[in-house]
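For reference, the structure discussed in these notes is given below.
The values are calculated or read from the model by the stated rules, or taken from the named source; none is laboratory data. From a predicted model like this one, the values you see are computed outputs, not experimental measurements. For neighbour counting, all protein chains shown are included, and Cβ atoms are generated from backbone atoms with ideal geometry for every residue, glycine included. Surface areas here come from the heavy atoms of the whole protein model, side chains and all, with no ligands, DNA or RNA. Shrake-Rupley method; radii C 1.70, N 1.55, O 1.52, S 1.80 Å.
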Amino acid sequence: MSAGDSAAVSAVEGKLAEVSTNSDLKSLPKRGKAASGRTLNTAQIQLVARHPEVYEPCDDSFALVDALLSDKAQLLALQPSLCLEVGCGSGYVVTSLAIMLRQLGSGTHYLATDINQHAVETTQATLEAHGIHADVIATDIVSGLEKRLAGMVDVVVVNPPYVPTPEEEIGIKGIASSWAGGLNGRQVIDRILPAVRELLSERGCMYMIALEDNDPLGICHLMNEKGYASRVLLKRCTEEESLYVLKFWQDPTAGSSASPSAKSPGSESSWISQLPFRSFWQKNNSSS
Amino acid sequence: MRLLTHNFLASNMKGVSTGYPLGLEVVKSTIKEVELNADFLRGILPKLDWRALAAATSAAGYPDLLPAEQPSEAEFFAEGAAEFEDSPIRRLHRALLEIHIDEGTLVCPESGRTFPIQKGVPNMILHEDEVRA
Ligand SMILES: C[S@@+](CC[C@H](N)C(=O)[O-])C[C@H]1O[C@@H](n2cnc3c(N)ncnc32)[C@H](O)[C@@H]1O
């Protein structure tokens, strides 16, 4: 992956340019074409298991994996002991993560959860097809792990059900639970965030997909109040949606101890303006 | 599911206070060898519940693999220990990361509620009336 790790804005704009020439239908062949640099680093789409009731890898899944790839150097430097995917679906993302970090060998272990029984089986099949092991658990978010795994997970990845839907659609079994996000698409996300914060280790980080409709800036503010810094790793516009990949990590200067204006110099000072985030945000917000 | 995961799973039902450790009944288990990584084991060791691991190892069909009492750090990480088939660290590695539970049942120690393990996947999903408010 050539995208610079710190130059988030240009990396993201590079992505935007790349994607705008590319309709979603073309994204499959495109991945094939990009295979030279990519299949070595991600799950192979032909080996991803399928089931009619399970979310197939889609633009959002690819965006998340591309963002992880763009952050690969940091991930490797972190040398995570435990990585977790919440809502693993087909298993494409957790398998890709394990492949891109394979040089860490048996120093890194993977867990994956999904509330859909077919999804956990599909994930198992995808992992096996790639010769990767992760412990897969059928559960609601991380229920059952919250006590003993608190503070132990170094990397969490989430492509949550984020589509705004009527509240009743949440909790419906099967495929609907892959996208149904309730009011503003936030209902499941807002349960995932505190649960994941409990599990993250001090040096841990979380990568999450969010849609424009989910108010990603609001999510970042909320996480900031809880002591997490954030960054937009990637923004991608498809015909249907604007996707963001957000990264969160614990930051002692974030949260209530530091008022937004206390830190950086200049009038534009806020926790967010230190990151390439704000200007980027405003620029892109107006276009959609 | 490996015993690593068993060691970190608890019952999360309404009305249950610790729900740990989960009882383990094994119908089928397999061994898949992986490379031993001493750093990983060193990091995870202080977080492990030894008794739960020893009990689960027995339940999986390996009653003699782990001692009832946890060996000391020095015993685990003695120079060259990883080379010896029978060393404490090799045994820990096998128990934690190489035994896979394919079919079986987890049992909540307080309520007796069972959680099936099928095709290697434990199902911890609760019914609506079992979920905490
Ligand atoms: C948008 S799909 C993402 C699937 C896969 N990670 C990917 O990126 O292709 C969201 C997944 O979250 C799962 N999910 C929805 N609600 C959940 C919950 N409460 N706990 C765990 N998983 C959930 C769905 O079953 C679905 O597989």
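Here are the numbers for this structure:
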quantity	calculated
Search result, residues across the range B:1-14 that are more than 7 Å from every other protein chain (Cβ to nearest Cβ) and open to solvent by 10 Å² or more (accessible area, probe 1.4 Å)	B:13, B:14
Qualifying positions in the range B:15-53 - open to solvent by 40 Å² or more (accessible area, probe 1.4 Å), part of a loop (DSSP other than H, G, I, E, B) and of a type in the set (Val, Ile, Thr)	B:18, B:34
Close pairs from the range A:103-119: first touching a residue at least 60 places away in the same chain (Cβ under 8 Å) and part of a helix (DSSP H, G or I), partner of a type in the set (A, V, I, L, M, F, W, C) and within 9 Å of the ligand (Cβ to nearest atom), Cβ under 8 Å, at least 6 apart	A:118/A:54; A:119/A:54; A:119/A:88
Meets criteria (within 12 Å of chain B (Cβ to nearest Cβ), touching a strand residue (DSSP E or B) at 6+ places or on another chain (Cβ under 8 Å) and at positive phi) for residue A:132	no
Exclusive hit being within 12 Å of the ligand (Cβ to nearest atom), modelled with pLDDT of 95 or more and within 10 Å of chain B (Cβ to nearest Cβ), set A:189, A:137, A:209	A:137
Residue A:73 vs. criteria more than 14 Å from the chain's Cα centre (by Cα), open to solvent by less than 20 Å² (accessible area, probe 1.4 Å), in contact (Cβ under 8 Å) with a residue 24 or more places away in the chain and farther than 21 Å from residue B:44 by Cα	no
Residue count for the range A:84-108, restricted to those that are within 12 Å of another protein chain (Cβ to nearest Cβ), open to solvent by 10 Å² or more (accessible area, probe 1.4 Å) and within 18 Å of the chain's Cα centre (by Cα)	0
Residue, surrounded by the fewest Cβ atoms within 10 Å (Cβ to Cβ), within the range A:229-258, restricted to residues that are hydrophobic (A, V, I, L, M, F, W, C) and part of a loop (DSSP other than H, G, I, E, B)	A:258
Sole residue being in contact with a strand residue (DSSP E or B) (Cβ under 6 Å, 6 or more places away or on another chain) and within 14 Å of chain B (Cβ to nearest Cβ), chosen from A:199, A:246, A:234	A:199
Long-range neighbours under 9 Å by Cβ, at least six apart or interchain, first residue facing chain A (nearest Cβ under 9 Å) and over 19 Å from residue B:121 (Cα atoms) within the range B:25-48, second of a type outside the set (Phe, Trp, Tyr) and open to solvent by 100 Å² or more (accessible area, probe 1.4 Å)	B:39/A:79
Selection status of residue A:132, within 9 Å of the ligand (Cβ to nearest atom), open to solvent by less than 40 Å² (accessible area, probe 1.4 Å) and part of a loop (DSSP other than H, G, I, E, B)	no
Some residue of the range B:54-69 being surrounded by 18 or more Cβ atoms within 10 Å (Cβ to Cβ) and within 13 Å of chain A (Cβ to nearest Cβ)	no
Scope the range A:112-121; condition in contact with a Ser or Thr (Cβ under 8 Å, 6 or more places away or on another chain) and either on the phi > 0 side of the Ramachandran plot or open to solvent by 10 Å² or more (accessible area, probe 1.4 Å) (or both); matching residues	A:114, A:115, A:116
Residues of the range A:144-175 satisfying the condition of being more than 8 Å from the ligand (Cβ to nearest atom), open to solvent by less than 30 Å² (accessible area, probe 1.4 Å), touching a Ser or Thr at 6+ places or on another chain (Cβ under 9 Å) and closer than 24 Å to residue B:132 by Cβ	A:144, A:145, A:152, A:153
Test set (1) surrounded by 21 or more Cβ atoms within 10 Å (Cβ to Cβ); (2) within 23 Å of residue A:193 (Cβ to Cβ) - residue A:78 fails condition number	(1)
Residue B:122 part of a loop (DSSP other than H, G, I, E, B), within 24 Å of residue A:153 (Cα to Cα) and within 17 Å of the chain's Cα centre (by Cα)	no
The one condition in (1) modelled with pLDDT of 95 or more; (2) away from the ligand (no atom under 11 Å from the Cβ) that residue A:6 fails to fulfil	(1)
